[in-house]
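Notes for the one structure printed next.
Derivation of every value follows stated rules applied to the coordinates shown; laboratory data play no part. On a predicted model such as this, the values are computed, not experimentally measured, just so you know. Don't worry about glycine lacking a Cβ; one is built from the backbone with ideal geometry, like all the others, and counts go over all protein chains shown.
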Number of protein chains: 2
Amino acid sequence: MVTSIREIAALAKVSVTTVSRVLRNNGYVSESVRKRVLEVVESQNYHINLNARGLRSNSTNIIGIIGQNPYVTPYYGAVAKGILQACNERDYEVITFLVGSPEEELRAVKLAIERRLDGILFSTVRNLQSLELLHQYNIPIVLIERFFDVNYVGKAGVENSAGAFMATEHLIGLGHERIAILSGDLDPGNPTKHVDADRFSGYCQALAKHGLPLDEAIVALQDYGVSNGFKAVDGFIKRGERFTAVFATSDTLALGAYNALAFNGYKVPEDCSIISFENVLPDYFMLPLTVVDQHVIELGHAGADLLIEHIASKKPFSGKEELLAMDLIQGKTVERPGRGVNARKPRR
Amino acid sequence: MVTSIREIAALAKVSVTTVSRVLRNNGYVSESVRKRVLEVVESQNYHINLNARGLRSNSTNIIGIIGQNPYVTPYYGAVAKGILQACNERDYEVITFLVGSPEEELRAVKLAIERRLDGILFSTVRNLQSLELLHQYNIPIVLIERFFDVNYVGKAGVENSAGAFMATEHLIGLGHERIAILSGDLDPGNPTKHVDADRFSGYCQALAKHGLPLDEAIVALQDYGVSNGFKAVDGFIKRGERFTAVFATSDTLALGAYNALAFNGYKVPEDCSIISFENVLPDYFMLPLTVVDQHVIELGHAGADLLIEHIASKKPFSGKEELLAMDLIQGKTVERPGRGVNARKPRR
DNA sequence: TTGTAAGCGTTATCAG
DNA sequence: CTGATAACGCTTACAA
């Protein structure tokens, strides 16, 4: 089996340099020679060794994704899909690092350096140290929906505040005044704190604009996930809170909210409306979901494009930040206010 | 910045060979020298170049996943998680190829060869050609829940027939006699045909063993996914079919079935039981799901372990097949037969 | 226990 | 337009 361009060169009666030029589509090669070389390549079923190329040319055409949760939640699955599609189109491969702790994160970063990856996408970062180590090695970084205050990284995200405002105002516009919110927690330790703060802030702004009070009794800021959505809304109901709509900042929270309402005998949207905020679980609901679409796959595209663009340009990031706008998708889980939860018979 | 063992060697006043030995923990090195070398490595913040190592030693410690759907469905997300965990423990990295067509599959295979990947895991294969090309290059292959009839690949899967038998018999044991099934289609073109045939066969065997007839009117063999589950069960209901339980061979189908029952005013499990077959969406249901657990993450582990083991051994596969057994998890979506669907007022 | 030197397969440089 | 040759950073005989 032919495994090197030297053998190809011998068979085509040219130099290795010429073969290399043909294979890279780079430099001057006469049409006749190029054809001869390609014929030999084809007939010998030759496949170039990209590791050798990378060693010599100092670029691997591989990027890394480092994240806490890639692929286990539908959100990260959709982000990953977008990244893979974009990289595929631009002849980059993707190595995935699944990290669950700051130590594992640092180990992934070191591996990325050892593999001489051309760039890194973070879907979760815990340590500033990780970013600085990569920066020291001149490896471009893009953060996806994560906001560390450093100027040497690129950022791709969505307009969380505007999106949350839109969702809330949509409900208010239909007449809702008691709108529960389920969203991420705002603890300093939460790595997605900025994102979650923006979402909550959009909600608060919409309430304020329309003169509605913020009632903390129907605010649940905590981890994402279906069961957390269930527990939060089930808790509201059991505690006798009244509300006519739920704004969930993820589809998983929305599904949990839906289940809790159904479990307690409430109908969506007749008794209570639900508006969600991702659109990664389009068909998981009994009714078409009313949702503010975050365009998560496009977010993956944007992150990968930003990174690859920058790898090509070899210039430092100027704090560039790509923010995607969201769209409201009208489903059937939002209606004008109905009876509401605990309207007639508060349980305590 | 120090980027080669030559510089490390100079600083530690030893030869490059010695540095290499220290870095690989291989060969004889005196304790004092080893310590000196490691100190220099540490103080210079040196990171080895794994591409150079791979070029020389002819092994990259990278494997590839090739699949149609990695990460977009919860099932593949769980498989991928298992693979990544197993590889992580054994110092392998993973490159993911998302392929949607036979042409893309072949392109991914060629890239895998060009990158000199140490092995390939397939979660979908369409072309025998893909396998043969890899085999020609001596790249070990493991198929996950996919069964091509070639002897040079390893296989990891689950006991589909036994699992489906278990699920069906569980329902029969509680007194169910009209059990609808939702499962994958058996068209020759379906790449998961073997898996789906095994599942359906387990169902049929259980019915036969207990003298129950197979009624094709409550059999829906088609693509997976929530909306397909919904449509199938909604169709049964609208057509007036009677049944007291649904066996869904994926959690997404089960969720769709659940939604269809609820949409039509039936309660689970009072009116109709549901048993599912994956356990990758544990908390997505209103009630704890009764499900035959496929241990999908372990399946990922098993596939990766099998592959890596084989890469290390350098021996050809002897058609080795790893089959995981399943377990029944008792939730709250299965009960003794209740009223049943269309029991009193068949719609036609 | 340590070192010398060749070579993995490619690309970059320079010369023709 | 084409080619000879020296790297890239590492491992692997082989020698000492």
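General observations
- Take every pair of alpha-carbon atoms less than 8 Å apart whose residues are at least six positions apart; their mean separation over the length of segment B:214-281 yields a relative contact order of 35 percent.
- Pairs from A:Lys81/A:Lys320; A:Lys81/B:Lys320; A:Lys81/B:Lys314; A:Lys110/A:Lys315; A:Lys110/A:Lys193 whose Cα-Cα separation, in the structure shown, is over 29 Å: A:Lys81/B:Lys320; A:Lys81/B:Lys314
- The 3J(HN,Hα) values that the Karplus relation (6.51, -1.76, 1.60; θ = phi - 60°) gives for segment A:268-273 are, in residue order, 9, x, 4, 8, 8, 8 Hz. Gly and Pro appear as x.
- Label geometry 7 Å along the beta-carbon vector: B:Lys209 inter-copy distances in nm: 6.2
- Debye-sum result for segment A:160-294 in log10 I(q)/I(0), which assumes one identical scatterer on each alpha carbon, at q = 0.10, 0.12, 0.16, 0.18 Å⁻¹: -0.27, -0.39, -0.72, -0.93
- Anchor B:Lys209: aspartates and glutamates whose Cα lies under 15 Å away (excluding residues fewer than 8 positions away in-chain): B:Glu169, B:Glu177
- Per-residue shielding of B:42-55, expressed as the average number of other chain Cβ atoms within 10 Å of the residue Cβ, stands at 5.
- Taking all Cα pairs closer than 8 Å and separated by 6 or more residues, the relative contact order of chain A comes to 18 percent.
- Label-to-label distance, nm, for residues given as A:Leu287 and A:Val16 (7 Å Cα→Cβ offset): 7.0
- Kyte-Doolittle mean at least 0.5, axial Cα span of 24 Å or more - DSSP H helices of chain B: B:296-313
- What the Cβ-Cβ distance of A:Glu103 and B:Leu23 gives, at R0 = 25 Å and to the nearest 0.05, is a FRET efficiency of 0.75.
- Pairwise FRET efficiency - A:Asn151 versus B:Asn45, Cβ, R0 = 25 Å, nearest 0.05: 0.65
- Built amide H within the under 5 Å cut-off of A:Leu328, gap 5+: A:Asp293
- For segment A:5-48, the gyration tensor built on C-alpha atoms gives a rounded shape. Its axis ratio a/c (a ≥ b ≥ c) stays under 1.5.
- Counting Cβ atoms of other protein chains within 10 Å of each residue's Cβ and taking the mean over peptide A:71-81 gives 5.
- A:Glu216 versus A:Gln85: modelled label distance in nm, points set 7 Å from Cα along the beta carbon direction: 4.2
- With contacts taken as Cα pairs under 8 Å and at least 6 residues apart, segment A:49-153 reaches a relative contact order of 29 percent.
- Residue mean of other protein chain beta carbons inside 10 Å, B:282-288: 5
- Amide H to amide H, with H built 1.01 Å from N, B:Thr333 comes under 5 Å of B:Thr290, counting only residues 5 or more places away or on other chains.
- Label point of B:Gly27 (7 Å along Cα→beta-carbon): distances to the other copies' equivalent points are 3.4 nm, sorted ascending.
- Across segment B:72-114, counting alpha-carbon atoms alone, Rg and Dmax equal 12.3, 33 Å.
- The protein assembly as shown: radius of gyration over Cα atoms, expressed as a fraction of 2.2 N^0.38 Å: 1.07
- Vicinal HN-Hα couplings computed from phi for segment B:215-220 (Karplus, 6.51 cos²θ - 1.76 cosθ + 1.60; Hz; Gly/Pro x): 10, 5, 5, 10, 10, 10
- Inter-copy label distances at B:Lys267, shortest first and taken from points set 7 Å along Cα to Cβ: 1.6 nm.
- Calculated P(r) of chain B - Cα pairs past 38 Å, %: 33
- Placing pseudo-labels 7 Å out from each Cα toward the beta carbon at B:Ser59 and A:Ser201 gives an inter-label distance of 5.2 nm.
- Amide N proximity, segment B:148-163 versus B:Leu328 label position 7 Å along Cα-to-Cβ, cut-off under 18 Å: B:159-163
- Mean projected area in nm² (Cα convex hull; one quarter of hull surface) for segment B:127-185: 5.3
- Under a 5 Å amide H cut-off, with hydrogens placed 1.01 Å from N, A:Leu98 pairs with nothing among residues at least 5 apart or on other chains.
- Residues in segment B:139-163 that a label on B:Ser318 would reach, taking backbone N under 16 Å of a point 7 Å out along Cα→Cβ: B:151-155
- Rounded to 0.05, the FRET efficiency of the A:Asn127 and B:Ser32 pair, given R0 = 22 Å and the Cβ-Cβ distance, is 0.05.
- Euclidean distance between Cα centres, segment B:266-305 to segment A:1-71, Å: 47
- Calculated mean residue ellipticity, 222 nm, chain A: -13500 deg cm²/dmol, from DSSP H runs (n ≥ 4) at -39500 (n - 2.57) each, averaged per residue and rounded to 500.
- Here the peptides B:249-256, B:153-160 are ranked by packing, the mean other Cβ count within 10 Å, and the order with the highest first is B:249-256, B:153-160.
- Restraint check, A:Lys267/B:Lys267; A:Lys231/A:Lys267; A:Lys332/B:Lys332, Cα-Cα greater than 20 Å: A:Lys332/B:Lys332
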